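What follows is a short report on a single structure.
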Amino acid sequence: MTSDSQSSLTSLSSNSSCSFASDSASSSSSLPSSPLSSSVTVSSSSTVLPDTPDDSFRHPESSLYRYRYLPMEIIELILSFVPEPFPASLLYVSRAWYYAARPYIYRRPRLSPKNYFSFVNTLSSSDILGTYVHVLDLRFIIQSGKNSYTSRLLRRCSRNLEEFYAPQTSFGYAPLVSVRQCGRLRVLDLSLVSETVDLRELFLAIRNLQKLTVLHFPRSSVFCVDFEDDLWPPNLSQLGLAGGISDDFLSQTKFPHTIKTLSMAHCPFVKTDSVRSLCQRLGPSLTSLRVLFPLPALSYNSLDAALKFCPSLRKLVVSTDYITHRLLSAENVPSPHPLEMLDLDCSGMLGQSRKIQADDIALAVLEGRLPKLRIVRASIKLGWTKDDEEVSELIEVLSEREGGGLWIA
């Protein structure tokens, strides 16, 4: 092993035995002495293996003992079939297994406030371990760490990082600058960020991320008045809008037609006309649309024409605050629509629970306007119960379709 890191095995999570494996062997605390001792044997496959009399895996009855001397290629093939979460116990089989298992241990680390600082210190002292990280999920790191920690992790993991989920705090200017170095990034989720983020810096960060396909804006972002047409990565397919998105931005910015999934929430400045304009422009390519409370500037019927604007939509998740029963009328669904799933959310505010009823959906299905609709989910705040005649009829209509049904939660 190299001497990049002096840290010991660090627990991956509070309820798991999975560990962070250091790439250091110079310290006696770097690894347990049994599997990685100073006395080694070279097998016929030129693999360096430990050879100690107290190694528990040398016992002939051990299920792992017989696999210690396999060629490295076979070991890697075996590990590729191990399901997640990856068991850290495989690190202790032998030195060969230790080296082969490290990339799997670090590929998707399970981080929590209890092991976060140890993880940062381990990667900070190694030039190798960060290259194993493909998914960095910091959503459970709350009130822990600093902007410098997040920035450091992004730099250390930049070579092969594919997915990054930002923490609620500790994400400011420095981490945004570090995002620019993550050339392989496919998913950038900033939806939980509560710190103020200047969207000008965000667009500068993502401009050269050619492989980025999923982008979720922070809900506390501050937008600028000047914007350009070439803001977006070329392969963007899923976009989540939130925060300081302005009305002019929605109506004037040229969005890429590669977007298949669009979501909107926590946008206090967008208005009905700009949202409808966006749905009209992106509608032909959209397969999933999600518009949820709060969007305080939208009118009560802003999205009644959603299915008309989006003729290829398969999934619609919408708050009843922004629709009425006309959503499913013949006027707005003039021909058979391919919608398969309808998810009705509700803020619970006065008057919102009666804007659309179960029989409105059942009628649209029976009249052939929604021939592929199988799944309907309704918020419990709508007041629907299985004892209602209208709800019972909808359940009966949906149950006739394979995998169909009504869920109330």
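The values are calculated or read from the model by the stated rules, or taken from the named source; none is laboratory data. Not measured: the values here are computed from a predicted model. So basically every Cβ, Gly included, is an ideal-geometry build from the backbone, and we count neighbours across all protein chains shown. The protein model used for the area step is the full one, side chains on, heavy atoms only, and it has no ligands, DNA or RNA in it. Shrake-Rupley method; radii C 1.70, N 1.55, O 1.52, S 1.80 Å.
At a 1.4 Å probe, what is the % contribution of carbon and sulfur to the accessible area of region 246-324?
Ligands and nucleic acids excluded, carbon and sulfur reach 54 percent.
What does the charge add up to near GLU396, with Lys and Arg as +1, Asp and Glu as -1, over the other residues with Cβ less than 13 Å from its Cβ? Let's see the in-between values first.
Values: positive: LYS386, ARG401; negative: ASP359, ASP388, GLU389, GLU390, GLU393, GLU400.
Net charge in that neighbourhood comes out at -4.
How do ASP343, ASP359, ASP230 rank by accessible surface area computed with a 1.4 Å probe, from largest to smallest? Before the final figure, lay out each step's value.
Numbers: ASP343 35, ASP359 55, ASP230 95 Å².
Sorted by accessible area, descending: ASP230, ASP359, ASP343.
Return the sequence-ordered ³J(HN,Hα) values of region 383-395 in whole Hz as given by the Karplus equation 6.51 cos²θ - 1.76 cosθ + 1.60 applied to θ = phi - 60°, using x for Gly and Pro.
These are the phi-based 3J(HN,Hα) values: x, 6, 9, 5, 7, 5, 4, 5, 5, 4, 5, 5, 4 Hz.
Per-residue HN-Hα couplings for region 74-80, Karplus 6.51 cos²θ - 1.76 cosθ + 1.60 at θ = phi - 60°, whole Hz, x for Gly and Pro?
5, 4, 5, 5, 4, 5, 5
Scan around VAL222 for amide H atoms under 5 Å from its own, H built in the peptide plane at 1.01 Å from N, and keep only partners 5 or more places away or cross-chain.
Under 5 Å from the amide H of VAL222: VAL197, ASP198, LEU199, GLY244.
Would you work out which of VAL187, SER124, SER148 lies farthest towards the positive end of the dipole of region 106-244, given +1 charges on the beta-carbon of Lys and Arg and -1 on that of Asp and Glu, about the Cα centre?
SER124
Whenever you get a sec, compute what percent of the accessible area on region 106-160 sits on carbon and sulfur atoms (1.4 Å probe). Walk me through the intermediate numbers first.
On the way: 1140 of 2480 Å².
After summing per-atom areas, the C and S share lands at 46 percent.
On a straight-distance basis, which lysines could pair with LYS146 in a cross-link, Cα separation under 18 angstrom, same-chain partners fewer than 8 positions away excluded?
Straight-line reach from LYS146, under 18 Å: LYS114.
Are there GluC sites (Glu not before Pro) in region 171-275 that DSSP marks as loop and that have at most 16 other Cβ atoms within 10 Å, and which are they?
Sites meeting the loop and neighbour criteria: GLU228.
How many angstrom lie between the Cα centre of region 302-331 and the Cα centre of region 347-409?
Taking the Cα centre of region 347-409 as reference, the centre of region 302-331 is 14 Å away.
Pull up all non-local amide H partners of ILE259: gap of 5 or more, or a different chain, and H-to-H distance under 5 Å with H placed in the peptide plane.
HN-HN under 5 Å from ILE259: empty list.
Under the Karplus relation 6.51 cos²θ - 1.76 cosθ + 1.60, θ = phi - 60°, what is the ordered set of whole-Hz ³J(HN,Hα) values for region 234-250, x standing for Gly and Pro?
x, 10, 5, 10, 9, 10, x, 9, 7, x, x, 5, 8, 5, 5, 4, 5
Counting only protein heavy atoms, what percent of the accessible surface of region 340-402 is carbon or sulfur at a 1.4 Å probe?
47 percent
Less than 10 Å Cβ to Cβ from LEU406, Lys/Arg counted +1 and Asp/Glu -1: what total charge do the surrounding residues give?
Working: positive: ARG377, LYS386; negative: GLU396.
Neighbour charge sum, excluding LEU406 itself: +1.
Quick query: amide H of ALA378 versus all other amide H atoms, modeled in the peptide plane; which residues come in under 5 Å with a sequence gap of 5 or more or a different chain?
Here the answer is LEU344, TRP407, ILE408, ALA409, since their amide H atoms fall under 5 Å of that of ALA378.
Using the Cα centre of region 336-385 as the reference point, and only Cβ charges (+1 on K/R, -1 on D/E), how large is the resulting charge dipole? Debye, rounded to the nearest 20.
Numbers: 7 positive and 6 negative charges, 14 e Å.
Here region 336-385 has a charge dipole of around 60 debye.
What accessible area per residue, rounded to a whole number of Å², is obtained for region 100-256 using a probe radius of 1.4 Å? Kindly include the intermediate steps, with their values, before the conclusion.
Working: 6420 Å² over 157 residues.
I get 41 Å² per residue for this part.
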